[in-house]
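What follows is a short report on a single structure.
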Amino acid sequence: MTDTPLRALGERLAAVTGTGGFVGRHLVQFLENAGYQVFGFSRRTPKWGSGVQLQVQSIIGDLNTLDIPGISKACGQVDVFYHLAGRAHRPAELADDSSLELFKNDNVKATERAYELALALGARRFVYLSSIKVLGDTSNSPLSSTDSMNPGDVYARSKCDAE
């Protein structure tokens, strides 16, 4: 970490968790094309794919153990904070509730931590991508924001708790 904030003069700065995921990779590319400087968070070094040249500066590690004051000092104020990171797409862990603590740690605690980080970075906007599964696995009609939560597995329950 440096003592100089990352924001270049006149640039907009976005923070993104989950930059190594499918949505994260595409969001970073979109933000950079829109003129944002991006500061990313990921558990592993993101693989952008062949031919993709992104300028994102990343912190690799678990959101639950990051040094928020140190990151705030290094990053400076962000305009918008996107929280995409979480535990998903692990069918073997969805069979029963034995992995509930893993999902709570990665989807509930990490979301709370991301929000604390966004506040420390002075983000004017916090965007949280959750999951449609909080409303259930099937529906006979189009879903809407007024529908009741109906999470069907440990993944969906953890995303519901995070919301």
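Only the coordinates and a few stated rules stand behind these numbers; no lab work does. Here the structure is a predicted model, which is why all the values come from computation and not from measurement. Don't worry about glycine lacking a Cβ; one is built from the backbone with ideal geometry, like all the others, and counts go over all protein chains shown.
Give me the percent relative contact order of the chain, please, defined on Cα pairs under 8 angstrom at least 6 residues apart.
So the answer I get is 23 percent.
With only Lys, Arg, Asp and Glu charged, each at its Cβ (+1 for the first two, -1 for the last two), find how big the charge dipole of the chain is about the Cα centre; round to the nearest 20 debye.
The calculation lands at about 440 debye.
Using a ≥ b ≥ c from the Cα gyration tensor of the chain (square roots of the eigenvalues), is it rounded, prolate or oblate, where a/c under 1.5 gives rounded and otherwise the larger of a/b and b/c decides, a/b for prolate?
The shape class here is prolate.
Choose one of A92, C75, G122: the residue whose Cα lies farthest towards the positive end of the charge dipole of the chain (beta-carbon charges +1 Lys, Arg; -1 Asp, Glu; about the Cα centre).
C75
Measure off 7 Å from each Cα along the Cα-to-Cβ vector at H26 and D147, then give the distance between these two points in nanometres to one decimal.
2.0
Hey, what D do you get for region 93-145 in µm²/s if you plug the Kirkwood alpha-carbon radius into Stokes-Einstein at 10 °C and 1.306 mPa s?
In µm²/s, the coefficient is 116.
Ranking L143, L100 by Cβ neighbours within 10 Å, fewest first, what do you get?
Arranged by neighbour count, lowest to highest, L143, L100 become L143, L100.
How much length, in nm to one decimal, is gained on full extension between A95 and I60, taken as 0.36 nm per residue of separation minus their Cα-Cα distance?
9.6 nm
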